[in-house]
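K.L.:
This is the structure I want to talk about, given as structure tokens.
The values are calculated or read from the model by the stated rules, or taken from the named source; none is laboratory data. What you are looking at is a predicted structure, and each value in this text was computed from that prediction instead of being measured. Here Cβ is always computed from backbone atoms with ideal geometry, including for glycine, and neighbour counts include all displayed protein chains. Accessible surface is based on the protein model in full, side chains and every heavy atom, while ligands, DNA and RNA are left aside. Shrake-Rupley method; radii C 1.70, N 1.55, O 1.52, S 1.80 Å.
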Amino acid sequence: MPTLESKDVVILGGGISGLTALHYVRRLHPNLSVLLCEAENRLGGTIGTDQVEGYSFDWGPNGFLDREPLTLELCHDLGLQEKIERANPNVSNRFILRGNRLRSVPMSPPKFLTSDILSVRGRMRVMLEPFSASRPEGTDESIYDFGKRRIGKEAADYLIQPMVSGVYGGMAERLSLQSCFPVMREMEDQYGSLFKAMISKARAARKRGEKSGGPSGPGGWLTSFEGGLYRLIEGFEANYSESIRVDCPATQVTRSDTGYRIEFSSGETEVAKNLILATPSNRAAEIVSELSPELSKALGAIDYAPISVICLGYDAGQIRDAVNGFGFLVPKLERRRLLGSIWTSSIFRHRAPEGKVQFRCMVGGDGDHDSIKLSDEELISIVTGELSEIMAVSGRPEMVRLYRWKHGIPQFKIGHIDRMAEIDRQLEKLGGIFVTGNAYHGIGLNDCVKQSFKVASSLSSLV
Ligand SMILES: Cc1cc2nc3c(=O)[nH]c(=O)nc-3n(C[C@H](O)[C@H](O)[C@H](O)COP(=O)(O)OP(=O)(O)OC[C@H]3O[C@@H](n4cnc5c(N)ncnc54)[C@H](O)[C@@H]3O)c2cc1C
């Protein structure tokens, strides 16, 4: 069995997490030898873009929020600054489906009071938020229970739950508030009310002369690159190809005298003083199963929800209503298969040819595991059927691309904090082995970048 050269650092997984770890290991520790091994014959993991007849289709994520300085710094370091594309500022309108009609999500308190998104009673209950019961002590509360307690059941069903399925593909009843939206919990703890916290934060931002918001809401501005998100991965390829090996799935890791021995499906091995696992957590669990059954068990306890992205291209003439907005989300109570649709060609330029429209539709999530078993024809027929009822789209799409993610989005279910504590305990016991990725401290690209930076920084104390 041939043995490859031993390295200071080996990274397994070439999605955004592994690639960012590679970038920061190279930047922060230029003297260390580092190698990234990716199982597939391409880099990017869930990030990919197809250019087809003037359309640009993102396979998985379609952007990141510009609120994380590290991600912007990364784009700059990779020489991508000129290619950054921000979402169209004129499409801040978002919609929620209720009673088969798309209703605009009100973005200010006066608009909320006159909106038809909730009943009068539901709206009044939201306004009572500052007087809600406080959090039960010592519980890892679900997002749904938190929403119901603070702003009432109707708002939890029609505002919170669809937002959670839009971001996590998850069920608000199962997901942990503390793990998914720690900021909300902090706001409640610090100010006793979300409203009070928002008012206070907005005042402080105004004092600093900052303007928050944008088409993605107060959390930041949706940002991508001209031509699609894969440009980001091309940036890594252009800078680090000599440190990357593709088509190189790792199968097992065991101890060696100097660190860890990694076995690959080709029969090759690699020895590394430090090992960074940047694969999805379920794959990491398999890789470390011999090294540490305890770590493997803890990693394997993080569930994933499947998600399918169905990108549809239509002639603008096929759409009756103006596609003026960001897209819509579907509450579970509406009993549709669609989780939501993003109106990609309204948000970013050149995602569809002139006179055409692109919709990006999502099906699946933790509430619909069976969806991943549907055939392409079934999925397309469900999505086009529901879209034509909701948005009066007529006829068949002229272009369809379908991307299935069986282990699409990790679910930070109740108890995630304890699972993370156990993972950290086991990693510490082993020493020199790290995990990074969307399964641990946040699912967004910004979270992956932050975590990989942290892992690369922590190497300094070891090597
Ligand atoms: C449909 C969808 C839409 C999303 N939309 C957004 C969005 O708009 N904005 C946002 O911020 N986030 C979004 N996300 C989340 C975001 O995509 C992920 O958090 C992020 O891309 C995960 O990156 P990662 O590197 O941690 O994992 P991955 O992208 O899964 O990469 C892991 C890599 O490890 C490799 N690997 C697996 N096993 C092995 C092995 N044995 N040996 C070596 N390599 C291995 C895989 O091939 C893969 O390349 C979305 C996710 C999905 C699925």
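K.L.:
Just for region 408-423: of the residues that are more than 9 Å from the ligand (Cβ to nearest atom) and open to solvent by less than 10 Å² (accessible area, probe 1.4 Å), which one is nearest to ASP257 (Cα to Cα)?
P.N.:
In this case the residue turns out to be ILE423.
K.L.:
Which of (1) of a type in the set (Gly, Ala, Ser); (2) assigned to a helix (DSSP H, G or I); (3) within 30 Å of GLY300 (Cβ to Cβ) does GLY385 not meet, given it meets every other one?
P.N.:
Among (1) of a type in the set (Gly, Ala, Ser); (2) assigned to a helix (DSSP H, G or I); (3) within 30 Å of GLY300 (Cβ to Cβ), the lone unmet condition for GLY385 is (3).
Okay, residues lined up against (1) assigned to a helix (DSSP H, G or I); (2) within 10 Å of the ligand (Cβ to nearest atom); (3) at pLDDT 95 or above:
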| site | (1), (2), (3) |
| --- | --- |
| ARG396 | no, no, no |
| TRP405 | no, yes, yes |
| ARG425 | yes, no, yes |
| LYS429 | yes, no, yes |
| ILE443 | no, yes, yes |
| VAL455 | yes, no, yes |
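K.L.:
How many residues are part of a loop (DSSP other than H, G, I, E, B) and touching a strand residue (DSSP E or B) at 6+ places or on another chain (Cβ under 7 Å) if we restrict to region 14-37?
P.N.:
Qualifying residue count for the region: 3.
Quick grid of which residues meet (1) touching a residue at least 60 places away in the same chain (Cβ under 8 Å); (2) within 16 Å of the ligand (Cβ to nearest atom); (3) open to solvent by 20 Å² or more (accessible area, probe 1.4 Å):
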| residue | (1), (2), (3) |
| --- | --- |
| LEU291 | yes, yes, yes |
| ALA305 | yes, yes, no |
| GLU334 | yes, no, yes |
| LYS356 | yes, no, yes |
| ARG360 | yes, yes, no |
| ASP376 | no, no, yes |
| GLY385 | no, no, yes |
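K.L.:
Being touching a Lys or Arg at 6+ places or on another chain (Cβ under 7 Å) and among the small types (Gly, Ala, Ser) narrows it down to one of GLY235, GLY340, GLY259, GLY317, so name that one.
P.N.:
GLY259 is the lone residue from the list that is touching a Lys or Arg at 6+ places or on another chain (Cβ under 7 Å) and among the small types (Gly, Ala, Ser).
K.L.:
Do any strands (runs of 3 or more DSSP E) entirely within region 59-125 hold 3 or more residues that are in contact (Cβ under 8 Å) with a residue 60 or more places away in the chain and not assigned by TED's automatic domain parsing to the domain that holds MET391, and if so, which?
P.N.:
Qualifying strands (runs of 3 or more DSSP E): 84-86, 94-98.
K.L.:
A further question on this structure: If GLY45 meets every condition in (1) on the phi > 0 side of the Ramachandran plot; (2) more than 15 Å from the ligand (Cβ to nearest atom) apart from one, which number is that one?
P.N.:
Every listed condition holds for GLY45 apart from (2).
K.L.:
Would you list the helices (runs of 4 or more DSSP H) that sit entirely within region 165-270 and hold 1 or more residues that are among the hydroxyl-bearing types (Ser, Thr, Tyr), within 24 Å of SER341 (Cβ to Cβ) and at pLDDT 90 or above?
P.N.:
230-240
K.L.:
Report whether or not ALA133 is out of contact with any strand residue (DSSP E or B) (no Cβ under 9 Å at 6 or more places or on another chain) and either closer than 20 Å to THR344 by Cβ or small (Gly, Ala, Ser) (or both).
P.N.:
Yes: the conditions hold for ALA133.
K.L.:
Of the residues PHE64, PHE57, which single one is within 9 Å of the ligand (Cβ to nearest atom) and at pLDDT 95 or above?
P.N.:
PHE64
K.L.:
Go through the residues of region 30-37 one by one and say whether even a single one is over 26 Å from TRP221 (Cβ atoms), within 11 Å of the ligand (Cβ to nearest atom), open to solvent by less than 70 Å² (accessible area, probe 1.4 Å) and not assigned by TED's automatic domain parsing to the domain that holds VAL167.
P.N.:
Taking every residue of region 30-37 in turn, at least one turns out to be over 26 Å from TRP221 (Cβ atoms), within 11 Å of the ligand (Cβ to nearest atom), open to solvent by less than 70 Å² (accessible area, probe 1.4 Å) and not assigned by TED's automatic domain parsing to the domain that holds VAL167.
K.L.:
Here are GLY48, GLY63, GLY15: which of them is under 17 Å from the mean Cα position of the chain (by Cα) and open to solvent by less than 10 Å² (accessible area, probe 1.4 Å)?
P.N.:
Sole residue among the options that is under 17 Å from the mean Cα position of the chain (by Cα) and open to solvent by less than 10 Å² (accessible area, probe 1.4 Å): GLY48.
K.L.:
Exactly one of these conditions fails for ARG98: (1) more than 14 Å from the ligand (Cβ to nearest atom); (2) open to solvent by 30 Å² or more (accessible area, probe 1.4 Å); (3) over 19 Å from MET163 (Cα atoms); (4) modelled with pLDDT of 95 or more. Give me its number.
P.N.:
(3)
K.L.:
What pairs come out if I take residues in region 159-172 that are without any contact (Cβ under 8 Å) to a residue 60 or more places away in the chain and pair them with residues that are basic (Lys, Arg) whose C-beta lies under 9 Å away, six or more apart or interchain?
P.N.:
ILE160/LYS148; ALA172/LYS332
K.L.:
Could you check ALA278 against (1) within 11 Å of the ligand (Cβ to nearest atom); (2) surrounded by fewer than 24 Cβ atoms within 10 Å (Cβ to Cβ); (3) of a type outside the set (S, T, N, Q) and say which number it fails?
P.N.:
Evaluating ALA278 over (1) within 11 Å of the ligand (Cβ to nearest atom); (2) surrounded by fewer than 24 Cβ atoms within 10 Å (Cβ to Cβ); (3) of a type outside the set (S, T, N, Q) leaves (2) as the failure.
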